[in-house]
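Here the structure comes first, spelled out in C-alpha cells, and everything after it is commentary.
The values are calculated or read from the model by the stated rules, or taken from the named source; none is laboratory data. Being a predicted model, the structure only gives us computed values, none of them experimental. Ideal geometry is used to build each Cβ from the backbone, glycine not excepted, and the neighbour counts take in all protein chains shown.
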Amino acid sequence: MDETLDEPPTSAVFLDSYHFSQVIFNNVEKFYVPGGDITCCYTLTQNITPRRKDWVGIFRVGWKTTREYYTFMWAPLPSDLSSDSVVNQQINFRAYYLPKDDEYYQFCYVDQEGMVRGASVPFQFRAETEDDILVVTTQGEVEEIEQQNKDLLKENKELKENCLCLQKQNLGLQEQLQLAQEKMKELEGEVCFLQTGNLELRRAQELQAGEMSSAQMNLAAVREENEKLGKENQELQKGLESLRSSCEKLELEASFLKEGNKQLMEQDGCRERELQQLKERNQEVSSEKEQLESRLKTTLDHMDLLQHQTQDLTKELEEKNHLFQILQWKKDETDEENLRLRQKNNELLMSLAESPDYSARVAVPPARVPAQAPGSATLVFGNPYFESPETSAENMPSVKKCHLCGEVFPDDMGPHQYEDHLRSHLLNCPYCDETFEESNRQVYNDHMYCHSLE
C-alpha cells in the first residue's frame, strides 16, 4: 500500500496522547470518486516545526495507533523553515494506492517521532449519487445563503483567532507545566536521596543488631536507642509518604493550570518548607547516628575484653584437656597391662588345672600329702605362682576391679553391670561427646563453660 520502500516512523501511543490542533487540513471533501488522484491541502501552524521524516497518512476511522495507516506520503518541507507564520502545503495521492472500499477515512499528519499533530474530518471513496446533485434555488434564497456563508466565514475567522489565542495560552501553560514538572522531579530526587540515606541507616541498624547480639544484658540500653531510632525512621517514612502524596497532588493540579497558577506557586512554597523541615530532621537523625556509633564503639571495646578473657579460659581449658589426654593415655596403658596380666594368669591357671601332677595331688588328702608346687624342690623359696587346690578357689583375687574407686567385684558379675558401674564415674559432654572422670569435675565444668561461650 505504500509508494516507497521506507517505512514511516510510527508509535504505539494511544489517541489521548496526541495533539491534533498543530496541523489543520483544508478543503476536505465529504467523498472522493474512486479511480482518481486526490489532493490533500493542510496548514502548518506556528506550534509545529516540520522535519524531514514527517508524513501524511490515510487512516481508517477508528484507528488506535499510527501503525494502522492505509497509505502515506512524505510531507514536503516548507521553503522557509525559519518563518514563524502559518504555511500552506499540499500533497497529491495517486489513485492506485487509495482505498477501494466505501469505509470512512481521514488524513493525519504524523511527525518523525510517530506522534499525530493533526487530523482531518472523515471522508469516503464512492461514486456520485443523486443525493449529491446540486439543487437550483431562487435568487433570494441564493442571497440569503450567501449572507449565511459570510456570517459563517466571519464566525469561522473569529473561531480561528480564538483558537490561535487558546493555542498560545496552551503553550504558555505547557511551559509552566514543564517548569512545575521539573520542580517536582527535583523534589523526587531529594526524596530519593533521603530514602537512600534512610536505607543506609536501616542497614547500619541491622549491622549493629547483629554485632551486639552476643553482648546480651550489656547492650540493653543500645537496643532501646535502636528501637527509638526505628520509630523516628517510621515517622520520617510517613513524612516521605506525605511528600509523595503532595507530589501527586501537584501532578493533578498541573492539569488545571488554566484556573490556578497562583495556587500552584503557593503549594510549591509549602513543599519547600516541608523539604527544609525534612533536611533538619535528617540532620537530627545523623547526630543520633553518631551517638549510636560512639556507644557501639564502647560496646565493641567491652566485647574485645570479653573475647580476651574467653581466649585465656580456652587456653587454660586446652592445657587441662592435654593433661587429661596424657592421664587417659596412661590409664589406657595400665588397663591394657592389667588385661594382659589377667589373661596370662588365666592361661597359667588353665595349664595348671590340665597338668597330671596337679590331678594326682588333688586326689591325696591334704593332711598326708603336703601341697607342693611342681619343681619346688629346685626352688629355695618355692613357686610363688602356685597355690594349693584348697585355697586357690577361695583366695584367688578377683579379676574385676574398678580402677577409679578401687571396688572389687565377684567373678560372676556380668559385663554390663561392670560397665554401668564405670559409667557412673564418668561425665559426658552433651556437645562434643568428650568424657571426663568424676574426680575431674572442675575440668568438666570449665569445658562446659567454653561451649557456652561459642
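Here are the numbers for this structure:
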quantity: Test: residue in the range 170-177 that is part of a helix (DSSP H, G or I), modelled with pLDDT of 80 or more and under 25 Å from the mean Cα position of the chain (by Cα); calculated: no
quantity: Identity of the residue in the range 232-254, without any contact (Cβ under 8 Å) to a residue 24 or more places away in the chain and closer than 21 Å to E175 by Cβ, that ends up surrounded by the fewest Cβ atoms within 10 Å (Cβ to Cβ); calculated: L252
quantity: Per-region count, the range 433-448, residues surrounded by fewer than 11 Cβ atoms within 10 Å (Cβ to Cβ) and either in contact (Cβ under 8 Å) with a residue 60 or more places away in the chain or not in a helix (DSSP H, G or I) (or both); calculated: 1
quantity: Residue ID - farthest from F123 (Cα to Cα), chosen from residues in the range 1-28 that are modelled with pLDDT under 80 and among the hydrophobic types (A, V, I, L, M, F, W, C); calculated: L5
quantity: Inter-residue pairs, beta-carbon under 6 Å, first among the charged types (D, E, K, R) and in the range 340-356, second surrounded by 10 or more Cβ atoms within 10 Å (Cβ to Cβ), 6+ apart; calculated: R342/V399
quantity: Pairs with Cβ under 7 Å, 6+ apart, first in the range 271-285 and β-branched (V, I, T), second surrounded by fewer than 16 Cβ atoms within 10 Å (Cβ to Cβ) and at pLDDT below 90; calculated: V285/E232
quantity: Filter result for the condition that a residue is at pLDDT 85 or above, of a type outside the set (G, A, S) and touching a Ser or Thr at 6+ places or on another chain (Cβ under 9 Å), over R281, R271; calculated: R271
quantity: Qualifying positions in the range 76-95 - surrounded by 10 or more Cβ atoms within 10 Å (Cβ to Cβ) and closer than 23 Å to G35 by Cα; calculated: Q90, I91, F93, R94, A95
quantity: Residues located in the range 179-192, provided they are of a type outside the set (D, E, K, R) and surrounded by 11 or more Cβ atoms within 10 Å (Cβ to Cβ); calculated: L179, A180, Q181, M184, L187, V191, C192
quantity: Unique residue being charged (D, E, K, R), surrounded by 15 or more Cβ atoms within 10 Å (Cβ to Cβ) and within 30 Å of V443 (Cβ to Cβ) when the list is K315, K320; calculated: K320
quantity: Selection within the range 235-287 - of a type in the set (A, V, I, L, M) and within 27 Å of the chain's Cα centre (by Cα); calculated: L236, L240, L243, L278, V285
quantity: Enumeration of residues in the range 399-425 that are among the aliphatic types (A, V, I, L, M), within 19 Å of E336 (Cα to Cα) and free of Cβ contacts under 8 Å to residues at least 24 places away in the same chain; calculated: V408, L422
quantity: Within the range 399-427, tally of residues that are surrounded by 12 or more Cβ atoms within 10 Å (Cβ to Cβ) and either within 60 Å of the chain's Cα centre (by Cα) or part of a loop (DSSP other than H, G, I, E, B) (or both); calculated: 11
